[in-house]
Amino acid sequence: MCRSIKILRPPALAEEATEDEIRAAALQYVRKVSGFRAPAAHNQEVFDRAVEAVAEATAELLDGLEIRGGAGTRRAS
C-alpha cells in the first residue's frame, strides 16, 4: 500500500518506535486514503483528526503486540 510507511515493531525496528515515527506513518496513511497530500482549509480539521486517530490506534497496536520470544510491550502509555 504505502511504500514509505516502515514497519514499526521489533525486530524490523531495533528500538521502540518514537511518537514522531508513529505520527509520520499515520500521516502517510491518511494522505494515501484521502488522496490529498495537503487538504484544503475546509478539510484540515477532519484530516488532522484522522491522523491523530490513526496514530493512537497504531500506538495501541504496538503496545499490545506480543512478539515471539518476548513481550511486545513498547512503552508505558
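The values are calculated or read from the model by the stated rules, or taken from the named source; none is laboratory data. This one's a predicted model, so the numbers in the text were calculated from it and none came from an experiment. Virtual Cβ from ideal backbone geometry, glycine too; neighbours counted across all protein chains shown.
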Exercise. Return the residue satisfying two criteria in turn: it lies in the stretch 6-35 and is farther than 19 Å from Ala50 by Cα and either modelled with pLDDT of 95 or more or of a type in the set (Gly, Ala, Ser) (or both), and of such residues it is surrounded by the fewest Cβ atoms within 10 Å (Cβ to Cβ).
Key: Ala14
Quiz item: How do the pairs read when you match residues in the stretch 33-61 that are of a type in the set (S, T, N, Q) with residues anywhere that are part of a helix (DSSP H, G or I), using Cβ under 7 Å and keeping only pairs 6 or more apart or on different chains?
Solution: Ser34/Phe47; Thr58/Ile22; Thr58/Ala25; Thr58/Ala26
Quiz item: Of (1) within 17 Å of Leu65 (Cα to Cα); (2) surrounded by fewer than 13 Cβ atoms within 10 Å (Cβ to Cβ), Ala38 satisfies all except one. Which?
Solution: (1)
Self-check item: Conditions (1) assigned to a loop (DSSP other than H, G, I, E, B); (2) among the basic types (Lys, Arg); (3) modelled with pLDDT of 95 or more: number failed by Arg3
Solution: (3)
